[in-house]
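In what follows, a structure is listed as structure tokens, so that the remarks can point back to it.
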Amino acid sequence: QVQLVESGGGLVQPGGSLRLSCAASGSTFRGSAMSWYRQAPGKERELVASITSAGSITNYADSVKGRFTISRDNAKNTVYLQMSSLKPEDTAVYYCNAKGSTVVVGIRYPYDYWGQGTQVTVSS
């Protein structure tokens, strides 16, 4: 099982930067694809960025390309989201997600874990 704890959210002015961290416990982090999602009030949760287990491939929502960077440190069991040039429309609760699968006695069990979320507010 993987437990995810986000940190680094807060209040920032437009144009500012924040770095979110997601610390994972459990032995499956290194085999997990990690993602950041966000959910603004009254809106559905949306994918912001994702990174493969080895960190070799990243993907971003069009709305954050060129401003956000996802990275991971498998030695520290942590995934990061560096956010720059923040806009008021980036205001949301940001969630960390881990997806992957484990194999037990030849049977594959998929998993999909979420953190509790961290609030990011962009406002002057």
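The values are calculated or read from the model by the stated rules, or taken from the named source; none is laboratory data. Here the structure is a predicted model, which means the values were calculated and not measured. Heads up, the Cβs are rebuilt from the backbone with ideal geometry, glycines too, and the neighbour counts pull from every protein chain shown. What goes into the accessible areas is simple: the full protein's heavy atoms, side chains included, and nothing from ligands, DNA or RNA. Shrake-Rupley method; radii C 1.70, N 1.55, O 1.52, S 1.80 Å.
If I filter segment 4-16 down to residues being in a strand (DSSP E or B) and open to solvent by 30 Å² or more (accessible area, probe 1.4 Å), which single residue comes out as farthest from T52 (Cα to Cα)?
Residues of segment 4-16 in a strand (DSSP E or B): 4-7, 10-12.
Applying the additional criterion that residues be open to solvent by 30 Å² or more (accessible area, probe 1.4 Å) yields 5, 7, 11.
On the way: V5: 19, S7: 21, L11: 29 Å.
Per the criteria, the residue is L11.
Can you find a residue that is out of contact with any Phe, Trp or Tyr (no Cβ under 8 Å at 6 or more places or on another chain), assigned to a strand (DSSP E or B), within 20 Å of S7 (Cβ to Cβ) and of a type outside the set (A, V, I, L, M, F, W, C) anywhere in segment 94-110?
No, there is no match, as no residue in segment 94-110 is out of contact with any Phe, Trp or Tyr (no Cβ under 8 Å at 6 or more places or on another chain), assigned to a strand (DSSP E or B), within 20 Å of S7 (Cβ to Cβ) and of a type outside the set (A, V, I, L, M, F, W, C).
State which residue is surrounded by the fewest Cβ atoms within 10 Å (Cβ to Cβ) when the search covers only segment 48-79 and only residues that are assigned to a loop (DSSP other than H, G, I, E, B) and among the aliphatic types (A, V, I, L, M).
A75
For segment 80-124, enumerate the residues that are open to solvent by 80 Å² or more (accessible area, probe 1.4 Å), among the aromatic types (F, W, Y) and either closer than 14 Å to R45 by Cβ or modelled with pLDDT of 95 or more (or both).
Of everything in segment 80-124, just one residue is open to solvent by 80 Å² or more (accessible area, probe 1.4 Å), among the aromatic types (F, W, Y) and either closer than 14 Å to R45 by Cβ or modelled with pLDDT of 95 or more (or both), namely W114.
Would segment 32-47 turn up any residue that is at pLDDT below 95, closer than 15 Å to Q1 by Cβ and not in a loop (DSSP other than H, G, I, E, B)?
no
Could you list, in sequence order, all residues of segment 17-31 that are of a type in the set (G, A, S) and open to solvent by less than 20 Å² (accessible area, probe 1.4 Å)?
Residues of segment 17-31 that are of a type in the set (G, A, S), as a first pass: 17, 21, 23-27, 31.
A24 - this is the single residue of segment 17-31 that is of a type in the set (G, A, S) and open to solvent by less than 20 Å² (accessible area, probe 1.4 Å).
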